[in-house]
Amino acid sequence: MKRILIVLFFTISHSLYAFGTYSEGWAVIVPTKIESSGIIFDSYEGLFDVVTFDRNEKCVEKEDLCYSPKSKSIAFSVRPENAVVANFVQKNVGREMLVQYRIHRFTAIALSSELEITDAKAIQTQLPADVKKQVLVKKSGSKRSFSVYGKILQFEYRGRFIGTYEGIYYDKQRDKVHQFSVTNEEIAKQLQLCMQTNVPFYFGVTVSYVTAWRESDYDIFEINYDGPAGQAKVEPTDDSKKDAKTEEKAPEPAK
């Protein structure tokens, strides 16, 4: 009977773990504290600072002056079997890093907080080889669109039945942050790669009249490391075409 109860306990715990996952993603953080704690389940618990914003802040949305970046302290946990990650965080307390996390709808039995860090790494200073210099997809919004120069601070896949990509970007030129959503899978994959480096880039933001199932009316439709997003294509003029043909047919200079 005792053996049956133990098996049942771990089966239910595993089911709750799977059912309870609300979101998972990546974030740029600065850990401020981490320590080992627990009596029955010994886990690593700590605090990190992350950039966020005040939704009640009065700002000029049409001029993209929302919102002022603010620092928020969040509690996190690391499972005891994930000692490599715990050690990396501990050795780099006070330093900016990129972490992969999972937010549980129900706090796991072995953890003290709902947010669990599953991976952590240093932010690279150069672009990874698999990052494309430009990715452009169809705009999802028709209200307006504009280019932002900055980087992504947080990006996650959220929800269980209808999942959405949600995040926070930093506008370096205006020193502002804003929530955004992503509706294109290719853009979502590239943004996760872009977060691995601290190299800023241009990205195109489109604004919709309605959000539907998303949390934000902002959506990213372009990633561009070479120049501002949403630039108009310049068609060659008749004169430039003639010049090009003349250059192609021009005789070689006499030797």
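The values are calculated or read from the model by the stated rules, or taken from the named source; none is laboratory data. The shown structure was predicted, so the numbers you read here are calculated from the model rather than taken from an experiment. No Cβ is skipped: glycine too gets one built from the backbone with ideal geometry, and neighbour counts run over all protein chains shown.
Can you spot a residue in the stretch 12-22 that is modelled with pLDDT of 90 or more and surrounded by 14 or more Cβ atoms within 10 Å (Cβ to Cβ)?
Just the residues of the stretch 12-22 that are modelled with pLDDT of 90 or more, to begin with: none.
There is no residue in the stretch 12-22 that is modelled with pLDDT of 90 or more and surrounded by 14 or more Cβ atoms within 10 Å (Cβ to Cβ).
Of the numbered conditions (1) surrounded by fewer than 17 Cβ atoms within 10 Å (Cβ to Cβ); (2) charged (D, E, K, R); (3) touching an Asp or Glu at 6+ places or on another chain (Cβ under 9 Å); (4) in a strand (DSSP E or B), GLU156 satisfies every one except a single condition; which is it?
(1)
Can you tell me how many residues within the stretch 57-92 are under 29 Å from ASP217 (Cβ atoms) and under 23 Å from the mean Cα position of the chain (by Cα)? Spell out the reasoning first.
Pass one, the stretch 57-92, residues under 29 Å from ASP217 (Cβ atoms): 57-74.
From what's left, under 23 Å from the mean Cα position of the chain (by Cα): 57, 61, 64-74.
Matching residues across the stretch 57-92 total 13.
Identify, from the list THR183, THR197, the residue that is outside the structural domain of ASP54 (by TED's automatic domain parsing) and farther than 25 Å from LYS70 by Cβ. It would help to see each step written out before you state the result.
On the way: THR197 fails: farther than 25 Å from LYS70 by Cβ.
Going through THR183, THR197 in turn, the sole match is THR183.
Which residues, taken from the stretch 152-171, are in contact with a Lys or Arg (Cβ under 7 Å, 6 or more places away or on another chain) and of a type in the set (D, E, K, R)?
GLU166 - this is the single residue of the stretch 152-171 that is in contact with a Lys or Arg (Cβ under 7 Å, 6 or more places away or on another chain) and of a type in the set (D, E, K, R).
Only one residue in PHE180, PHE221 is aromatic (Phe, Trp, Tyr), under 24 Å from GLU61 (Cα atoms), surrounded by 21 or more Cβ atoms within 10 Å (Cβ to Cβ) and in contact with a helix residue (DSSP H, G or I) (Cβ under 8 Å, 6 or more places away or on another chain). Which one? First the steps, then the outcome.
Values: PHE180 fails: in contact with a helix residue (DSSP H, G or I) (Cβ under 8 Å, 6 or more places away or on another chain).
The match here is PHE221.
What single numbered condition from (1) more than 22 Å from TYR225 (Cβ to Cβ); (2) among the β-branched types (Val, Ile, Thr); (3) not assigned by TED's automatic domain parsing to the domain that holds CYS59 fails to hold for VAL148?
Condition not satisfied by VAL148: (1).
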